[in-house]
Amino acid sequence: MKGEAFLDYYIYNGEEYATEKKEVFFEIGSPIIYEVIRVIDGVPLFLEEHLERMRKSAQLLGVSIQKPDEIITDEILRLIQINKCKNMNVKLLCSSRKGEKQDFFVYFIKSHYPTKDIYEKGIHTILYDSERENPNAKVINTSFREHVNQRIKEENAFEALLVNKEGTITEGSRSNMFFVKGEEVLTAPAADVLLGVTRKRIMKVCKDLNIPVREKAISIKDIDSLDGAFMSGTSVNVLPIRSIDQTYLDAADNKLIMKISKGYIQEMKSYIEARS
């Protein structure tokens, strides 16, 4: 894989390396389990849940991550310190080779966050026929990423909504999807999607706000009847969807979505303040 470490240093198997030394990235075994964590004010956001999900991804592939959570946490904090960077996404990467040799990387990646204007207008999305072989495991799939990115670029879209053989929307290419109909929030069943950490926190926020959430497959035939939709993810939080292909959705002004967004931002703030 390509050497995508950003800023001055990355950590490989506990040792610090200058980012210009990328040769080791080309030797990583496959499949590769990974996790992306947002760092805000020096705090890795929802760290415990990210590490738990990474270990579950490994288990689904029949392997276990050897490095303890405490050491991974220390390495993330060391990465923040040596790069003097308190606000950016960190990527954890573990090769799943069996035996004594298991590679573990901790590094910053180029991070892009939606502007205020994008949140206020909402995003354009497209439908993309595809489904993950093992949706609950977060594993690098370079071919899929390249193809979907090309379609997103061609259509001048922000994200692609994956559509399975049954014609239902499961998730985004790099996000989870939520749909609003009336006073209810709908999202794909847990077994069909990568269970995002942000998704989990949004479900909690909805429960705290007494907003009903139902896990239900959304057919592409039902898009016209929706009152709103939004995507969720590490870098985007709660991001309203303005359009899906040619269907317009007034999601940015949907009161329920605005309420969920504010609740999630408060959830983030509470977590950061408790660890600052």
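Would the stretch 6-109 count as rounded, prolate or oblate if I go by the C-alpha gyration tensor, calling it rounded below 1.5 in a/c and otherwise prolate when a/b exceeds b/c, oblate otherwise? Judged from the Cα gyration tensor, the stretch 6-109 comes out oblate (a/c at least 1.5, b/c at or above a/b). Mind running the shape call on the stretch 61-140? Use the C-alpha gyration tensor, a ≥ b ≥ c as the square roots of the eigenvalues: rounded below 1.5 for a/c, prolate if a/b tops b/c, oblate otherwise. Note, shape of the stretch 61-140 comes out oblate.
From its DSSP helices (H runs of at least four residues, each -39,500 (n - 2.57)), the chain gives a residue-normalised ellipticity at 222 nm of -9500 deg cm²/dmol. Here's the list of lysines a cross-link from Lys165 could span, going by alpha-carbon distance under 22 Å and ignoring same-chain residues fewer than 8 apart: Lys138, Lys216, Lys221.
Sorted into 10 angstrom bins from 0, the C-alpha pair distances of the chain split as 6, 28, 35, 23, 7, 0 percent.
Take every pair of alpha-carbon atoms less than 8 Å apart whose residues are at least six positions apart; their mean separation over the length of the chain yields a relative contact order of 18 percent. Within straight-line reach of Lys121, meaning a Cα separation under 18 Å, sit the following lysines at least 8 residues removed in sequence or on another chain: Lys255, Lys259, Lys262. The GNM of the chain, with springs linking C-alpha atoms under 10 angstrom apart, assigns the highest mean-square fluctuation among Asn176, Asn210, Asn254 to Asn210. 3J(HN,Hα) along the stretch 194-205, derived from phi through the Karplus expression 6.51 cos²θ - 1.76 cosθ + 1.60 where θ = phi - 60°, amounts to 6, 7, x, 5, 5, 4, 4, 5, 5, 4, 5, 4 Hz, with x in place of Gly and Pro.
Zone of Ile40 (label point 7 Å along Cα→Cβ, backbone N under 16 Å): which residues in the stretch 228-255? Only 232-240 pass the distance filter. Taking 7 Å steps out from each Cα toward its Cβ at Glu166 and Asn136 produces label points 1.7 nm apart.
Of Lys181, Lys67, Lys116, the residue with the greatest mean-square motion in the GNM of the chain, using alpha carbon springs below 10 Å, is Lys116. In summary, the convex hull built on the alpha carbon positions of the stretch 116-273 has an orientation-averaged projected area of 9.1 nm².
Between Phe108, Phe178, Phe144, the Gaussian network model of the chain with springs among Cα atoms under 10 angstrom shows the greatest mean-square fluctuation at Phe144. Once the Cα-Cα distance is subtracted from the 0.36 nm per residue extended length, the Ser30 to Tyr113 segment shows a gain of 27.0 nm. With both labels modelled 7 Å from their Cα along Cα-to-Cβ, the Ala18 to Asp69 distance reads 3.7 nm.
Bear in mind these aren't lab numbers, they're just calculated from the coordinates by the rules spelled out. None of these values were measured; they are calculated from a predicted model. Backbone-built Cβ (ideal geometry, glycine too); neighbour counts: all protein chains shown.
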